[in-house]
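Accompanying notes for the structure given below.
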Amino acid sequence: MEEIAVQTEKVIKKQKEIEAVINIYTSFNNTLVHVTDTGGKTIAKVTGGMVTKHDRLKANPTVGMFIAKRISESLKENKVSSLYVKIRAKTGNPAPGPGAHSIIKSLSRDGFKILSITDTTRVPRGGPKKKGGRRGRRV
C-alpha cells in the first residue's frame, strides 16, 4: 500500500494597496478632517464638534486623537493602507492649529503608511484694502 500525501498549497493573494487623501483643516477654534480616495470620492468626514460637545475643546490635540481614531476605523473598513496628507490652516496664519500634528501622529501609530505631507495653506498676496483708513488704527 502506498500512501499518497496530498499537499495543499495556500494561495496568498497580495492585496492591492488602496490609497486615500486626508484633508485636514485646522484653525484655532476647530479641526475638520475630510478623507477621500484618489478620485475624490468621500470616504469619511469628521469634525471636532462630532467628537466633543465643548466648543473650547474642538481644536485640542486630545480631540485630534479621537478624530483620528474614528477615521482609522472607517479607513480599515475600506481597506485603505496608504495616505496622502494635506494640511491647511486659516488663510494668512503662519502655522496650522494644534490638532493637525496629533492626527498625523496617531494615524501613523495605527499602522497607516503616510506617503506625503503637504501644506496647502493659502497665502494672501496683497489682497483687498485693510481696515483702518488712510492713517491706520489710532489707539
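Of note:
- Note on R70, R138, R122: ascending count of other Cβ atoms within 10 Å places them as R138, R122, R70, the fewest first.
- Antiparallel DSSP beta bridges within the stretch 18-119, percent to nearest 5: 45 percent
- Modelled spin-label separation between K129 and S108, with each label point placed 7 Å from Cα along the Cα-to-Cβ direction: 4.7 nm.
- Karplus-derived 3J(HN,Hα), 6.51/-1.76/1.60, for each residue of the stretch 80-96, Hz, glycine and proline x: 8, 10, 10, 10, 9, 10, 10, 9, 9, 9, 5, 4, x, 6, x, 9, x
- Mean residue ellipticity (222 nm) of the chain, computed from DSSP H runs ≥ 4 via -39,500 (n - 2.57), nearest 500: -7000 deg cm²/dmol
- Helix 61-77 and the long axis of the chain differ in direction by around 40°, with both axes built from C-alpha atoms.
- Charge dipole of the stretch 18-119 (Cα centre as origin; +1 on each Lys and Arg Cβ, -1 on each Asp and Glu Cβ, all else neutral): 180 debye, rounded to the nearest 20.
- Count Lys and Arg as plus one, Asp and Glu as minus one, and take only other residues whose Cβ is under 13 Å from that of R122; the net charge is then +3.
- Part-to-part distance (alpha-carbon centres) for the stretch 70-103 and the stretch 112-139, which is given in Å: 21 Å
Throughout, read-outs are computed from the coordinates displayed, never taken from laboratory work. Since the structure is predicted, the reported quantities are computational estimates derived from the model, not experimental observations. Because the Cβ atoms are built from the backbone with ideal geometry, glycine has one as well, and the counts that use them run over all protein chains shown.
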